[in-house]
Amino acid sequence: MGKVALFAALFAFAASAVAQQAPKLVTPDMLTWRDHPVFKGAQTVILMGDPSKAEPIIQRVRFPANYRVPAHTHPYDEIVTVMTGRFGNAMDENAKGDVLKAGSVFLLPKGHVHHVWTESEETIVQISFTGPGGIAFANPADDPRKK
């Protein structure tokens with residue numbers, strides 16, 4: 001599926017789910033950040049949905065400066081928007097990749113190996129996907145849940 005078609009399909013599905021809910025406004029001062037369940041030292045907040053269910057999810061993740069997430073995959077397509085800071089993304093286990101500034105968006109198809117990082121500043125990304133959530137590390141020894 002092409003990137004534009006993927007984005008359109010995800011947007012249409014999310015819009016359909018949102019239309020079935022009561023209106024909701026979220027401002028930055030309303031957010032309650034919690035420790036990320038996988039990425040130690042990072043924090044997350046769920047804006048919409050339940051990541052344990054097969055439904056649209058919108059979450060934000062706040063990474064500290066100089067943070068690294070090893071090569072991994074997800075069982076879903078995801079849309080990642082850089083909200084603040086600079087966010088590195090490489091589309092292969094060993095690729096150099098690109099550092100994206102705030103306002104950038106990238107689309108990842110499910111099962112695609114990638115790794116991400118931050119540089120010298122805290123970075124917040126917003127991730128949209130259809131759950132349930134999940135992550136598999138390319139090298140199981142890199143999984144922080146097993147350390």
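I'd like to verify a number: residues in segment 28-84 that are outside any strand (DSSP E or B) and either surrounded by 18 or more Cβ atoms within 10 Å (Cβ to Cβ) or not β-branched (Val, Ile, Thr) (or both), how many?
Step one: filter segment 28-84 for residues outside any strand (DSSP E or B), giving 28-33, 36-42, 49-55, 64-67, 74-77.
Then keep just the ones that are either surrounded by 18 or more Cβ atoms within 10 Å (Cβ to Cβ) or not β-branched (Val, Ile, Thr) (or both); that gives 28-31, 33, 36-37, 39-42, 49-55, 64-67, 74-77.
Within segment 28-84, residues that are outside any strand (DSSP E or B) and either surrounded by 18 or more Cβ atoms within 10 Å (Cβ to Cβ) or not β-branched (Val, Ile, Thr) (or both) number 26.
Assess whether Val82 counts as being more than 24 Å from Asp50 (Cβ to Cβ) and either free of Cβ contacts under 8 Å to residues at least 60 places away in the same chain or in contact with a Gly (Cβ under 9 Å, 6 or more places away or on another chain) (or both).
Yes.
Here is a yes/no grid of residues against (1) among the polar types (S, T, N, Q); (2) modelled with pLDDT under 95; (3) touching a helix residue (DSSP H, G or I) at 6+ places or on another chain (Cβ under 9 Å):
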site	(1), (2), (3)
Gln43	yes, no, no
Glu55	no, no, yes
Ile58	no, no, yes
His72	no, no, yes
Thr84	yes, no, no
Asn94	yes, yes, no
Glu121	no, no, no
Val125	no, no, no
Ala136	no, no, no
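Kindly indicate whether Glu55 is farther than 17 Å from Val125 by Cα and in contact with a Ser or Thr (Cβ under 8 Å, 6 or more places away or on another chain).
yes
Within segment 25-64, restricting attention to residues that are free of Cβ contacts under 8 Å to residues at least 24 places away in the same chain and β-branched (Val, Ile, Thr), which residue is farthest from Ile79 (Cα to Cα)?
So, considering only residues that are free of Cβ contacts under 8 Å to residues at least 24 places away in the same chain and β-branched (Val, Ile, Thr), the one farthest from Ile79 (Cα to Cα) is Thr32.
The values are calculated or read from the model by the stated rules, or taken from the named source; none is laboratory data. Note that the structure is predicted; figures quoted are calculated from it, not measured. So basically every Cβ, Gly included, is an ideal-geometry build from the backbone, and we count neighbours across all protein chains shown.
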